[in-house]
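Contents: one structure, followed by commentary.
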Amino acid sequence: MKKWWLAAVVAMIAVGGCAKEETEQKQSLQGANLLRTQTSGTAKHAELNQGPAERAASYLRGRDDVRDVVAVNSGDRLLIAYQIPHMKRWSRKQIEKDIDQKLRDLFPGYDVVSSSDLKIFWKTKELKANMDNRRWDERKVNREIRRIEKLSKEQT
């Protein structure tokens with residue numbers, strides 16, 4: 001008898017916990033007040049369009065003088081950080097100039113910020129991870145891009 005009750009309780013909890021309600025849900029507060037809420041079942045965060053950043057990253061990955069690339073965009077800002085292989089560091093300034101010019105030509109409507117600095121690379125990678133894991137709106141991403149851009153300009 002006890003096993004039957006235990007099985008019934010477990011089944012009710014499993015069925016009740018897995019129910020997806022898309023209509024009204026009523027909750028009792030102190031037994032007198034009722035609160036009506038609309039639920040959609042799942043919470044979805046707004047996706048920021050990262051198409052230009054992905055195109056820029058794929059272009060740079062195709063070059064032999066770039067080892068790793070991270071790119072993020074928001075609105076009209078495009079932030080690209082990349083690493084140059086160790087043996088190509090002798091021509092670092094020329095590579096940076098060439099990449100910066102090519103990116104400005106490829107994305108004329110964007111304010112392009114590109115850097116081969118390792119700290120900027122780490123910060124951009126952290127920003128991209130935060131955009132994937134949390135709910136970030138465009139304003140917050142723009143603020144972080146401006147902060148990283150300011151950091152890149154003060155180090156040069």
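Tabulated results
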{"quantity": "Contour excess over end-to-end distance, with Cα ends at Q83 and W4 and 0.36 nm allotted per residue", "calculated": "22.1 nm"}
{"quantity": "Spread of Cα-to-Cα distances over 10 Å intervals beginning at zero, given as percent, for segment 54-134", "calculated": "18, 54, 24, 3"}
{"quantity": "Net lengthening on full extension, K150/K125 (0.36 nm per residue, minus Cα-Cα)", "calculated": "7.4 nm"}
{"quantity": "Proportion of all alpha-carbon pairs of segment 111-156 beyond 16 Å (%)", "calculated": "35 percent"}
{"quantity": "Footprinting exposure proxy for S114, S58 (fewest neighbouring C-beta atoms within 10 Å first)", "calculated": "S58, S114"}
{"quantity": "Pairwise label distance in nanometres, R55 with E138, each label 7 Å out on the Cα-Cβ vector", "calculated": "1.7 nm"}
{"quantity": "Peptide ranges 69-77, 88-96 listed from the most packed, as the mean C-beta count within 10 angstrom indicates", "calculated": "69-77, 88-96"}
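Only the coordinates and a few stated rules stand behind these numbers; no lab work does. It should be emphasised that the depicted structure is a prediction, and the values quoted were computed from it without experimental measurement. Every residue, glycine as well, gets a Cβ built from its backbone with ideal geometry; the counts of neighbours run over all protein chains shown.
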